[in-house]
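To keep things clear, I will list the structure first and then write my remarks on it.
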Amino acid sequence: MGKGTQADLLHQRLKACHLSTGDVFRAAGKLPECEQSPAMMEALGYMRRGELVPDSTVWEMVRERKGCLHCAGGFILDGFPRTLGQAESLKQLMDSEGLELTAVVNYELPVSEIVARLSGRRTCEKCKAVYHVKERPPKAEGCCDRCDGKLFQREDDRPESIRVRLEAYDRSTAPLIQFYEKLGLLVQVGAVGTPDEIFERTLARLGSWRAACVDKACRVS
Ligand code: AMP
């Protein structure tokens, strides 16, 4: 519901590595079937239905890309972790690599708005530019302004998949809010507004968050 756009804007601004588990699955879905592993084919089925991919498959994929965690500009994990199991595995990996998360951003948006955003989203099949049929329509219907590519609706943005995704969020992902709050890492950001407005709000929240952390550290030492 726009977190990918925000992660991409942050990646461009901070030069941090952007690892999106959803993008990795979508890229795998574009490969010819003979090049897809059985685990990946299974994962794509979960994704199309709007369900969460099993932790073991997600974790395998993240572990293969753990080099991202050592990027000189830092890293942004987008759409990961999404379950407590994934968060625990990530914590263990980070501890073993001598790394720490700086902050965990949670975007807040009313459910009605989430449904409107997801169901109106259209993506360019060539350059991956993202549009919205009402909020950010292309100049010519169904056609990308940037590259003339054809716009399509993600299978998991269809109404039946959106319902399943929201249920999966409540059941498996929402508990992470408390998990990261307890670790003192949670940064809540309101996600109402345009992508640029949300981005400016994200930068401002992260800036004040960092200042508060530095302040706290100075008082302790
Ligand atoms: P996203 O682009 O982040 O919304 O992810 C699209 C879909 O990919 C999700 O609805 C899930 O089916 C799958 N997916 C992405 N990341 C994860 C994850 N960390 N755990 C489980 N499934 C995931």
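The values are calculated or read from the model by the stated rules, or taken from the named source; none is laboratory data. On a predicted model such as this, the values are computed, not experimentally measured, just so you know. In this analysis, Cβ positions are derived from the backbone assuming ideal geometry, glycine residues included, and neighbour counts consider all displayed protein chains. In case anyone asks, the SASA skips ligands and DNA or RNA and just uses the protein heavy atoms, side chains included. Shrake-Rupley method; radii C 1.70, N 1.55, O 1.52, S 1.80 Å.
Do you know the relative contact order of the stretch 69-138, to the nearest whole percent, from alpha carbon pairs under 8 angstrom that are 6+ apart?
On the way: 25 pairs, mean separation 8.8, N = 70.
That works out to 13 percent.
List the GluC sites (Glu not before Pro) within the stretch 64-114 that fall in a DSSP loop (any state other than H, G, I, E or B) and whose Cβ has at most 12 other Cβ atoms within 10 Å.
On the way: sites: Glu64, Glu88, Glu97, Glu100, Glu108, Glu113; in loops: Glu97, Glu100.
Loop-located and lightly packed - Glu97, Glu100.
Counting only heavy atoms of protein chains, what accessible area per residue, in Å², does the stretch 1-118 have with a probe of 1.4 Å?
Working: 6340 Å² over 118 residues.
Counting only protein heavy atoms, the per-residue value for the stretch 1-118 is 54 Å².
Using a Förster radius of 30 Å, what is the FRET efficiency between Gln178 and Cys71 based on their Cβ-Cβ separation? Nearest 0.05, please.
Values: r = 29 Å, r/R0 = 0.96.
With a Förster radius of 30 Å, E is 0.55.
Given a cut-off of under 8 Å on Cα pairs at least six residues apart, what relative contact order in percent is computed for the chain? Spell out each step's value before the answer.
Details: 235 pairs, mean separation 52.5, N = 221.
Across the chain, relative contact order equals 24 percent.
What is the gain in length, in nm to one decimal, between Glu51 and Ser221 on full extension, counting 0.36 nm per residue of separation less the C-alpha to C-alpha distance?
Numbers: separation 170, 0.36 × 170 = 61.20 nm, distance 4.61 nm.
So the chain would gain 56.6 nm between Glu51 and Ser221.
With every protein chain left in place, what is the accessible area of Asp145 in Å² (1.4 Å probe, nearest 10)?
Result for Asp145: roughly 70 Å² accessible.
Where does the chain land at 222 nm, in deg cm²/dmol rounded to the nearest 500, when only DSSP H runs of n ≥ 4 count, each adding -39500 (n - 2.57), divided by all residues? It would help to have the intermediate numbers written out before the result.
Numbers: 9 runs with 111 residues, N = 221.
Helix contribution divided over all residues of the chain: -15500 deg cm²/dmol.
So if each residue of separation counts as 0.36 nm, and I subtract the Cα-Cα distance between Asp170 and Ala204, what length gain in nm does that give?
Details: separation 34, 0.36 × 34 = 12.24 nm, distance 2.76 nm.
Answer, rounded to one decimal: 9.5 nm.
Any chance you could give the angle, 0 to 90 degrees and rounded to 10, that helix 84-96 forms with the longest Cα principal axis of the chain?
Orientation of helix 84-96: about 50 degrees from the principal axis.
For the stretch 135-221, which GluC sites (Glu not before Pro) are both in a DSSP coil and crowded by at most 10 other Cβ atoms within 10 Å?
Answer by residue number: Glu141.
Using a 1.4 angstrom probe on heavy atoms only, work out the carbon and sulfur share of the accessible area of the chain in %. Present the calculation step by step, with values, prior to reporting the outcome.
Working: 7080 of 13070 Å².
Of the solvent-accessible surface of the chain, carbon and sulfur hold 54 percent.
Treat every Asp and Glu Cβ in the stretch 92-142 as -1 and every Lys and Arg Cβ as +1, leave all other atoms uncharged, and give the resulting dipole magnitude about the Cα centre to the nearest 20 debye. Walk me through the intermediate numbers first.
Values: 8 positive and 8 negative charges, 125 e Å.
So the dipole magnitude of the stretch 92-142 works out to roughly 600 debye.
Heavy atoms only, probe 1.4 angstrom, no DNA, RNA or ligands counted: give me Tyr180, Tyr107 ranked by accessible area, highest first.
Working: Tyr180 10, Tyr107 40 Å².
Final ranking, largest accessible area leading: Tyr107, Tyr180.
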